[in-house]
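Asks: Take a look at the following structure, please.
The values are calculated or read from the model by the stated rules, or taken from the named source; none is laboratory data. None of the values given here were measured: they were computed from a predicted structure. Reconstructed Cβ throughout: ideal geometry from the backbone, glycine too, with neighbour counts over all protein chains shown.
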Amino acid sequence: MADTASTAAPARRRILHAGSLGMIVGGLLALVGSLLPWVITPFGSLSGTAGPGLWTLSAGFIAVAGALLPYRKVAIAHALLPGLAVAVIIGWQAARLIYLSSTTDSWGQLMPGIGMVMVAGAAVVLLRTAIRLISIR
């Protein structure tokens, strides 16, 4: 009879890491928020997919892909770069809304939509996850 206690199973490499949950949540927020309305006007809503929403959609896919990679440095890059890119895009769009509201004297008429707010939340989650991954040794 073969002794089953002496045969050790090969060590398995974990796919998920400490930042996987945050990256999946941040990526899904960016994915869903990119498809929703970004600007609410009195005449209707403007979708984000007509412009910068496509960039944030791509960043969301990069974040979700990084959540499934077991390498720490690659995961940090997949959280930090999309988080920074999305934050810059949201800042640019918010400044653009403020500029348009001030030049047309239509304060309160152009409002950020739920998509823009969700993508801003995705940037916060992704940057927080990247900082958490950097601080873990």
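Asks: If you check Thr129, Thr49, Thr41, Thr103, which single one turns out to be β-branched (Val, Ile, Thr), out of contact with any Leu (no Cβ under 7 Å at 6 or more places or on another chain) and either touching a residue at least 12 places away in the same chain (Cβ under 8 Å) or within 15 Å of Ser20 (Cβ to Cβ) (or both)?
Replies: Of Thr129, Thr49, Thr41, Thr103, the one residue that is β-branched (Val, Ile, Thr), out of contact with any Leu (no Cβ under 7 Å at 6 or more places or on another chain) and either touching a residue at least 12 places away in the same chain (Cβ under 8 Å) or within 15 Å of Ser20 (Cβ to Cβ) (or both) is Thr129.
Asks: Please determine whether any residue of region 14-36 is loosely packed, with under 12 Cβ neighbours inside 10 Å, at pLDDT 90 or above and farther than 12 Å from Ala123 by Cα.
Replies: No, the conditions are met nowhere in region 14-36.
Asks: Among the residues of region 99-116, write down those that are outside any helix (DSSP H, G or I) and farther than 17 Å from Pro37 by Cα.
Replies: Answer for region 99-116, where residues must be outside any helix (DSSP H, G or I) and farther than 17 Å from Pro37 by Cα: Thr104, Asp105, Ser106, Trp107.
Asks: From the list Ile40, Ile62, which residue is touching a helix residue (DSSP H, G or I) at 6+ places or on another chain (Cβ under 6 Å), farther than 13 Å from Val119 by Cβ and among the β-branched types (Val, Ile, Thr)?
Replies: Matching residue, one of Ile40, Ile62: Ile62.
Results for (1) surrounded by fewer than 18 Cβ atoms within 10 Å (Cβ to Cβ); (2) among the polar types (S, T, N, Q); (3) assigned to a helix (DSSP H, G or I), shown as yes or no for each residue.
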site: Ala59; (1), (2), (3): no, no, yes
site: Ala75; (1), (2), (3): no, no, yes
site: Gln93; (1), (2), (3): no, yes, yes
site: Leu97; (1), (2), (3): yes, no, yes
site: Met118; (1), (2), (3): no, no, yes
site: Ala122; (1), (2), (3): no, no, yes
site: Arg128; (1), (2), (3): yes, no, yes
site: Ile131; (1), (2), (3): yes, no, yes
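Asks: On to the next question. Out of Leu81, Leu69, I need the residue that is crowded, with 16+ Cβ neighbours inside 10 Å and in a loop (DSSP other than H, G, I, E, B). Which one?
Replies: Result of the check over Leu81, Leu69: Leu69.
Asks: May I pose another question? Specify the residue that is modelled with the lowest pLDDT; the eligible residues are those in region 92-137 that are in contact with a helix residue (DSSP H, G or I) (Cβ under 9 Å, 6 or more places away or on another chain) and of a type in the set (Ser, Thr, Tyr).
Replies: Selected residue: Ser106.
Asks: Now for a different question. Is it fair to say Ala87 is modelled with pLDDT of 95 or more and surrounded by 14 or more Cβ atoms within 10 Å (Cβ to Cβ)?
Replies: yes
Asks: Scan region 24-66 for residues that are touching a strand residue (DSSP E or B) at 6+ places or on another chain (Cβ under 7 Å) and of a type in the set (A, V, I, L, M) and jot them down.
Replies: Val39, Ile40, Leu46
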